[in-house]
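As structure tokens, the structure follows; a few thoughts come after it.
The values are calculated or read from the model by the stated rules, or taken from the named source; none is laboratory data. Since we're looking at a predicted model, the values are computed, not measured. Here the Cβ is made from the backbone with ideal geometry for all residues, glycine too, and neighbour counts use every protein chain on show. Ligands, DNA and RNA are excluded from the accessible area calculation, which covers all protein heavy atoms including side chains. Shrake-Rupley method; radii C 1.70, N 1.55, O 1.52, S 1.80 Å.
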Amino acid sequence: PAPAAIHVVDRATQREVLAQVLWRQGNKARILFLADVPSIGFKVFEVLTGAPRSRGSSSLSVTASSLENARYKVTIDENGDIESILDKKARHELLKAPIRLELRNDPSPDKPAWRILWDTINSSAREYVTAPQVRVVERGPVRITLEITRKAAGSIFVQRVMLVDGGDRVDVENTVDWKSPNSLLKASFPFAASNPKATYDLGLGTIQRGNNTPDHYEVPAQKWADVTDNNGAFGAAILNDSKYGWDKPADNVLRLTLI
């Protein structure tokens with residue numbers, strides 16, 4: 001059977017690294033550990049049975065409404081939205097208002113799979129995803145995770161908000177059981193940073209674009225988009241692995257089209 005405890009050793013240094021067991025099932029176990037790997041190189045890590053010889057120190061703490069590591073303190077509000085991301089390194093709050101999931105009417109009568117109308121982007125959201133059930137699903141030395149489950153417009157939305165020990169980003173994993181016809185789902189990010197232009201990743205370069213206009217609103221980008229404050233002192237970027245449509249309704253707001 002899968003062992004009750006494991007520890008992970010960096011073979012090059014013979015030092016233990018922080019590790020945690022995510023789940024066990026029969027003779028299988030899924031584990032997570034911190035791997036410091038050199039650029040354009042590799043390392044060998046050995047997974048061993050038994051408790052670690054030293055527990056090590058972890059910067060992580062989690063409650064039903066907050067997550068914290070050495071870099072960030074993240075707060076969840078009563079709607080289940082991320083309402084605050086305090087960047088301890090920059091000594092700055094990154095959000096002006098909560099990050100929200102917006103549902104919008106999406107008529108697009110002639111090309112519903114392709115065309116997003118200006119009125120859809122420019123009007124107010126039809127409704128927001130609210131009424132959360134929140135639970136702590138990971139409380140380890142490597143990663144902490146809050147799972148937030150909500151329902152709206154017939155669909156079910158499950159978000160996992162995660163912080164890693166020593167990490168410099170806030171991870172959000174979305175799983176949506178989508179049953180909301182004629183609807184557009186966007187994630188809205190109201191930043192504390194403000195700039196009439198955002199920088200978008202094009203894969204082989206970047207491009208700066210301004211706020212929405214009737215002729216130029218839903219725009220493409222690859223893996224990320226960034227708003228750096230006009231004074232250059234701080235900013236924030238949204239990284240994503242599978243969605244490529246964005247809009248910018250105001251100097252401090254970016255929205256990512258999800259569905």
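Helix content alone sets the calculated 222 nm mean residue ellipticity of the chain: runs of n ≥ 4 DSSP H residues at -39500 (n - 2.57) each, divided across all residues, give -500 deg cm²/dmol. Couplings for the range 118-126, taken from phi via the Karplus curve 6.51 cos²θ - 1.76 cosθ + 1.60 with θ = phi - 60°, read 4, 4, 5, 6, 7, 7, 6, 4, 5 Hz in order; Gly and Pro are left as x. Whole-Hz Karplus values for the range 147-159 come out as 9, 10, 10, 9, 10, 6, 6, x, 9, 10, 10, 10, 10 Hz, taken residue by residue from phi with 6.51 cos²θ - 1.76 cosθ + 1.60 and θ = phi - 60°; glycine and proline positions read x. The label point for THR63 and the one for SER39, both projected 7 Å from the Cα toward the Cβ, are 4.0 nm apart. In a simple Cβ point-charge model (Lys, Arg +1; Asp, Glu -1; nothing else charged), the range 147-216 has a dipole of about 320 debye relative to its Cα centre.
When TRP114, TRP224 are compared by accessible surface with a 1.4 Å probe, the order from highest to lowest is TRP114, TRP224.
Subtracting the Cα-Cα distance of THR13 and ARG30 from 0.36 nm times their residue separation leaves 3.7 nm of extension gain. Rolling a 1.4 Å probe over the protein heavy atoms leaves THR49 with an accessible area of roughly 100 Å². The largest accessible area among HIS92, HIS7 belongs to the first residue in HIS92, HIS7, and the rest follow in falling order (1.4 Å probe, all chains).
Couplings 3J(HN,Hα) of the range 70-77, computed from phi: 5, 9, 10, 10, 10, 10, 9, 8 Hz, in residue order, whole Hz [Karplus 6.51 cos²θ - 1.76 cosθ + 1.60, θ = phi - 60°; x for Gly and Pro].
For the set GLU173, GLU218, the ranking by accessible area, highest first and with no ligand, DNA or RNA atoms included, is GLU173, GLU218 under a 1.4 Å probe.
Take ARG160: with every protein chain present and a 1.4 Å probe, its accessible area is about 70 Å². For THR130, the residues whose amide H sits under 5 Å from its own are LYS151, ignoring neighbours fewer than 5 places away on the same chain, with H placed 1.01 Å from N.
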